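**Q** Submitted below is the structure of interest, expressed as C-alpha cells.
The values are calculated or read from the model by the stated rules, or taken from the named source; none is laboratory data. Quick caveat: nothing in here was measured; it's all calculated off a predicted structure. Cβ placement follows ideal geometry from the backbone for every residue including glycine, while neighbour counts extend to all protein chains displayed. Ligands, DNA and RNA are excluded from the accessible area calculation, which covers all protein heavy atoms including side chains. Shrake-Rupley method; radii C 1.70, N 1.55, O 1.52, S 1.80 Å.
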Protein chains: 2
Amino acid sequence: MKIKRSERLVDMTIFFLENPKKITPLNFFSEKYQAAKSSISEDLTIITSIFEENKMGALITYAGARGGVEYQPQIEEKELEKELEKIKNEINHSKRLLPGGYIYTSDLLSNPEWLKRIGKIIASKYIDQEIDTIMTISTKGVPIAQAVAYQLNVPFVIVRKSSKVTEGSTVSINYQPRSSSQEVEKMALSKNSLKAGSKLLLIDDFLRGGGTMAGLERMAEEFESEVVDAVVFLEHDSQASIEDYRSLLKIQSIDPETLKIKVELGNFLTN
Amino acid sequence: MKIKRSERLVDMTIFFLENPKKITPLNFFSEKYQAAKSSISEDLTIITSIFEENKMGALITYAGARGGVEYQPQIEEKELEKELEKIKNEINHSKRLLPGGYIYTSDLLSNPEWLKRIGKIIASKYIDQEIDTIMTISTKGVPIAQAVAYQLNVPFVIVRKSSKVTEGSTVSINYQPRSSSQEVEKMALSKNSLKAGSKLLLIDDFLRGGGTMAGLERMAEEFESEVVDAVVFLEHDSQASIEDYRSLLKIQSIDPETLKIKVELGNFLTN
C-alpha cells in the first residue's frame, strides 16, 4: 500500500507496539509502504523520539545482513522508581492483612492497568538479556508472568501445585512451601512444555520463606535449564533460602489492629 | 507539549492502543498538544482509517457533555473467521491427544502471540456490550481471561478449584466436573473479589460435559451477578448441560492411532 507519511507513522507505531522484541528488516517497511529507505529511517526517528518522550523504550537499529529495527519496551530507571511507588502507595492505602498472614493483592493482580504496569516494570530489567521462557507457578504468579511475557514476547510455562496435571507426562518435585513447617508439597510441570537449555526468568507473586522459589529453581535444573533471574511481586521477610531473587516490594511492617500492611520498595532496583 | 502533527499521530496511536474502551474527551488531546480541536479531529480521522485498514477496530466518537473518543478494538466478522482458522490449523497439524482424552493446548495458551489473537477474537464479540468483569477458573482459563481483559479493559476474577484459597473469606460451591461420573469437586471464590450486580463474561479453556461452566454460572448467582455470555476455547462434545455458551473451536474427531485431533470452528461466530 502506498500511503502518506502521517498514515505510515500510525501504521508503524501499531506494528512496533504489537511486536516488541522482534527484529524487522527495514526492507519490510520500505516494501510494504513503497517508500524509500531514507523516508523509513526518518519515520523511525520520529517514532523513537515519541517513544522516548513517553519513557516507554526505544527503537534499536541493528546493522548487517540480519539487521533491522526492534522495539525494546523499557521504562528508564528513574521512571521505574516512580512506577513502583504507585504500586507501593496503592498497597499501603487499604486493608490487606488476611488470616494466616496472607496479603490481599488480587485487586492489583487481576486488573489490566496494574498488570500492564507490573509487566513493563519487570520486563524493563531484562529487555536486553537473553530470556526465552518465563516460568511461574499457579495460580497467582500466572497473570504477572503473562504480563511480562507480553512485553518480552516470549512464552511462559506454568508449574502446577497439584499432581492433577492434564498435560501428559510430567516432572514433579517436592518442596517446602513454608520454612516454618516441615510440610512438603508437590509441584509438577509437563515434560513437553520446556526445552532443555532454556534461559528462564522465574516469576511468583509472593515470597515468604523462599521455599516455592527454591522449588522452581530445582524444577529448572530438572529441565537442564538456566535461571537468569527470579522476581517476586511482594516479599515478606528477608530470611529467604535463596539469595539471588529480586522483589518489587517488601513488607516493612504489619498492623494486626488496622489490618494494614506497610510496604517499601524491594531490591528490584538496587540489587 | 507542542509537537508536529506527525509526532502527535504517533503519540495518539500509542494512547489509544494502551487505553482501549476508555472514553477520552477531545479537550484532553487539544490541551495536551496545544492544538485546535479541528486538528485533533483530522488526526482521529487518519488514525481510524489506519485502524480500519488493519482490521483492528475503530475510534468511536461520542457527542455531548460526557462525550469523547474511544478506541474499540474489534476484528470485523469476515476477519474473525480467518483468525479462527489460523488457530484451527495450528491445532490440527500436530499430535495433541493425551491419556484420559485430554487435549494438549498449552503451547497456544502460553504464547503471547496466540494469546493476543485469542483475546482479540473473543473481545470482538463483546466490545460494545456492557461487561464489567471476566470470570474464569484456574489454571488454564486464566491466560485466556487475561488476554480478553486486556482488550476489554476490565478486571478478571479467578475461581479456584482448591479450597486452599489464601484470600480471606470465600464462597464455595460443589460441582460435577465430568458428566460421566458422579464425582463432586469444590470451587471457591473470595468474597471481596466480586461486587453484587456485576455483568460477567465467563471464560474457560475446555468444555466437555459443561459441569465446570455450570458451576461458574451458579457461582455468579451466589454473587448476585449476571452472566452476559460464556465462552470456551475448545469444546469436546455437544452434550453440554448448558446451552448458552460459545466455543471458538470444537473437536470433530479424534484419532487414537496418530494422537491427532481434528477440530472445526465452534459456534462462536454462528450462534
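**Q** In this structure, does A:I121 turn out to be without any contact (Cβ under 8 Å) to a residue 60 or more places away in the chain and either open to solvent by less than 10 Å² (accessible area, probe 1.4 Å) or not in a helix (DSSP H, G or I) (or both)? Steps first, please.
**A** Working: without any contact (Cβ under 8 Å) to a residue 60 or more places away in the chain: no; either open to solvent by less than 10 Å² (accessible area, probe 1.4 Å) or not in a helix (DSSP H, G or I) (or both): yes.
For A:I121, the condition - without any contact (Cβ under 8 Å) to a residue 60 or more places away in the chain and either open to solvent by less than 10 Å² (accessible area, probe 1.4 Å) or not in a helix (DSSP H, G or I) (or both) - is not met.
One line per residue, one yes/no per condition, for (1) surrounded by fewer than 23 Cβ atoms within 10 Å (Cβ to Cβ); (2) under 13 Å from A:M135 (Cβ atoms):
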| position | (1), (2) |
| --- | --- |
| A:R218 | yes, yes |
| A:F223 | yes, yes |
| A:D229 | yes, yes |
| A:S247 | no, no |
| A:Q252 | yes, no |
| A:E257 | yes, no |
| A:L265 | yes, no |
| A:F268 | no, no |
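**Q** If B:R66 satisfies all but one of (1) within 26 Å of A:P112 (Cβ to Cβ); (2) at pLDDT 95 or above, what's the number of the condition it fails?
**A** The single condition B:R66 does not satisfy is (2).
**Q** Among the candidates A:Y126, A:Y150, single out the residue that is within 12 Å of chain B (Cβ to nearest Cβ), among the hydroxyl-bearing types (S, T, Y) and more than 26 Å from A:K186 (Cβ to Cβ). Don't jump to the end; show me each part of the working.
**A** Numbers: A:Y126 fails: within 12 Å of chain B (Cβ to nearest Cβ).
From the options A:Y126, A:Y150, the qualifying one is A:Y150.
**Q** Condition first: touching a residue at least 12 places away in the same chain (Cβ under 8 Å) and farther than 30 Å from A:F268 by Cβ. Now tell me which residues in region A:43-57 satisfy that.
**A** Across region A:43-57, the qualifying residues are A:D43, A:L44, A:I46.
**Q** Test B:E90 against the stated conditions and say whether it is assigned to a helix (DSSP H, G or I), open to solvent by 20 Å² or more (accessible area, probe 1.4 Å) and away from every other protein chain (no Cβ under 11 Å). Walk me through it before giving the result.
**A** Values: assigned to a helix (DSSP H, G or I): yes; open to solvent by 20 Å² or more (accessible area, probe 1.4 Å): yes; away from every other protein chain (no Cβ under 11 Å): yes.
The answer is yes for B:E90.
Here's the yes/no breakdown for (1) within 10 Å of chain B (Cβ to nearest Cβ); (2) free of Cβ contacts under 8 Å to residues at least 12 places away in the same chain; (3) outside any strand (DSSP E or B); (4) aliphatic (A, V, I, L, M):
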{"residue": "A:K2", "(1), (2), (3), (4)": "no, no, yes, no"}
{"residue": "A:E7", "(1), (2), (3), (4)": "yes, yes, yes, no"}
{"residue": "A:V10", "(1), (2), (3), (4)": "yes, yes, yes, yes"}
{"residue": "A:P20", "(1), (2), (3), (4)": "yes, no, yes, no"}
{"residue": "A:L59", "(1), (2), (3), (4)": "no, no, no, yes"}
{"residue": "A:R66", "(1), (2), (3), (4)": "no, no, yes, no"}
{"residue": "A:E70", "(1), (2), (3), (4)": "no, no, no, no"}
{"residue": "A:I75", "(1), (2), (3), (4)": "no, no, yes, yes"}
{"residue": "A:K82", "(1), (2), (3), (4)": "no, yes, yes, no"}
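**Q** Taking region B:20-53 only, how many residues are farther than 17 Å from B:R5 by Cβ and surrounded by 15 or more Cβ atoms within 10 Å (Cβ to Cβ)?
**A** Count: 4.
**Q** Still on this model: Suppose we filter region A:140-154 for residues that are within 21 Å of B:S138 (Cα to Cα) and buried (at least 24 other Cβ atoms within 10 Å of the Cβ); how many remain? Show your work before the answer.
**A** Initial filter on region A:140-154 (within 21 Å of B:S138 (Cα to Cα)): A:140-150.
Keeping just the survivors that are buried (at least 24 other Cβ atoms within 10 Å of the Cβ) gives A:141-150.
Total satisfying the criteria: 10.
**Q** Given the criteria within 14 Å of chain A (Cβ to nearest Cβ) and of a type outside the set (A, V, I, L, M), does B:E53 qualify? Step through it out loud before you land on a result.
**A** Values: within 14 Å of chain A (Cβ to nearest Cβ): yes; of a type outside the set (A, V, I, L, M): yes.
Criteria met by B:E53.
**Q** Same structure, new question: Got at least one residue in region B:22-42 being within 17 Å of A:I14 (Cβ to Cβ), free of Cβ contacts under 8 Å to residues at least 24 places away in the same chain and more than 9 Å from every other protein chain (Cβ to nearest Cβ)? It would help to see each step written out before you state the result.
**A** Taking region B:22-42 and keeping what is within 17 Å of A:I14 (Cβ to Cβ), we get none.
Scanning region B:22-42 turns up no residue that is within 17 Å of A:I14 (Cβ to Cβ), free of Cβ contacts under 8 Å to residues at least 24 places away in the same chain and more than 9 Å from every other protein chain (Cβ to nearest Cβ).
**Q** Quick one: in region B:99-108, which of the residues that are surrounded by 16 or more Cβ atoms within 10 Å (Cβ to Cβ) and either outside any helix (DSSP H, G or I) or more than 9 Å from chain A (Cβ to nearest Cβ) (or both) is nearest to the chain's Cα centre (by Cα)?
**A** Once the filter is applied, the top-ranked residue is B:L108.
**Q** Which numbered condition trips up A:G197, out of (1) open to solvent by less than 20 Å² (accessible area, probe 1.4 Å); (2) more than 14 Å from chain B (Cβ to nearest Cβ); (3) of a type outside the set (D, E, K, R); (4) farther than 17 Å from A:G100 by Cβ?
**A** The failed condition is (1).
**Q** Please work out if A:G211 is more than 9 Å from chain B (Cβ to nearest Cβ), at negative phi and in contact with a Pro (Cβ under 7 Å, 6 or more places away or on another chain).
**A** Details: more than 9 Å from chain B (Cβ to nearest Cβ): yes; at negative phi: yes; in contact with a Pro (Cβ under 7 Å, 6 or more places away or on another chain): yes.
Criteria met by A:G211.
**Q** Considering region B:139-150 alone, what residues qualify as being in contact (Cβ under 8 Å) with a residue 24 or more places away in the chain and hydroxyl-bearing (S, T, Y)?
**A** B:Y150
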